[in-house]
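Read-outs throughout are calculated quantities, based only on the coordinates presented, and are distinct from any laboratory measurement. These figures come from a predicted structure and were not determined experimentally. Glycine gets a Cβ as well: all are built from the backbone with ideal geometry, and neighbour counts include every protein chain shown.
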Amino acid sequence: MVDTLLSALETNPTSSIQLLKTQTIPSFPMFTCTNCKCDVCRWIIQLGYFAPVETTIFRHILNNDTWENGAMVVDVGANVGYFSAYATTMGCRVASFEPNPHPRQFLLATSFVHDIHHTKWQVYPVAVGKEENEVLFTTSIPWGAGHIARRMSQLDNDFVKVQVIPLHKVVKEDVVLLKIDTEGYEKDVIEGSEQLFKNHVVHNVIIEVKNFNDPDKRNLMHHLKEIGHFTHVYSYHDSYDYDRISLEFEDLKPRFLDVTEIIDNKKYHEIVPYEDLWFCKQPISF
């Protein structure tokens, strides 16, 4: 199966494949592309890792004796699979959702390297939304900017039809970590996750929220905190001005701002500083 995937990737004129081992703790193998202009691949090729602050948050959450081995991580907007592969390496089971067929080739190839029988890591070629339907999805380079087109004017020359499903159709258990990175489609994903929040415990959500200080997005943050029964919300700034990826969690303190009160009380006049947010059920202890 890996040979078949590699053959498909090699026939894609926009792809140049590398199998690299990351410089993360722990390290793991993954496929990257040298000319897709994807920021994930670019940073992994240059530095051996992507998003050092978020990677450290992942390690902090998943390296916890509270979770049983094989706890569930859900990655919505998995791209080429960096965070999914990291979670698998940390001993978790993973459900990855990626509707864009181009990065999904690399995601699938990496998943087979880690779990050839797909007993721990499942890849779903769909988007997550409120109800089952079919939408148009832009697929042009860079892949990380691919998104669902709400209007015909948002389509470019490269697009595909993709299926949309609510998250509870697939995930039917408690979740240690739900990651959402969907290029402005966060509202639809959260609406498609409400039944999961109702039926199960989601312990942590890491989410990128575009236009995060718009009133509707602030309402979305408040709603997510309520349906997930989260007690704390932190806004954090990722940065590559570190000279290493072996960050201790305590090193991140300057990068965090507790925005719980702002979200709780809908203080729209107060700025949430960063688009990356961590919803959790206990305060961060540095």
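See the values below:
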read-out: Computed over the chain: relative contact order in percent, which uses C-alpha pairs under 8 Å that are six or more apart; value: 16 percent
read-out: Whichever aspartates and glutamates have a C-alpha closer than 18 Å to that of LYS120, once near sequence neighbours (fewer than 8 apart) are set aside; value: GLU68, ASP75, GLU98, GLU173, ASP174
read-out: Share antiparallel - DSSP beta bridges, the chain, percent rounded to 5; value: 55 percent
read-out: Choice from ASP65, ASP216, ASP264 with maximal GNM fluctuation in the chain (Cα, 10 Å cutoff); value: ASP65
read-out: For VAL175, residues with placed amide H under 5 Å, excluding near neighbours; value: VAL201, VAL202, HIS203
read-out: Label assignment, Cα extents along the principal axes in Å derived from the structure, set (i) 53, 44, 35; (ii) 75, 34, 33; (iii) 75, 48, 34; value: (i)
read-out: Packing rank of 98-110, 162-174, where each peptide gets the mean count of other beta carbons within 10 Å, highest leading; value: 98-110, 162-174
read-out: Burial ranking of peptide ranges 195-203, 25-33 (average Cβ count within 10 Å, highest at the top); value: 25-33, 195-203
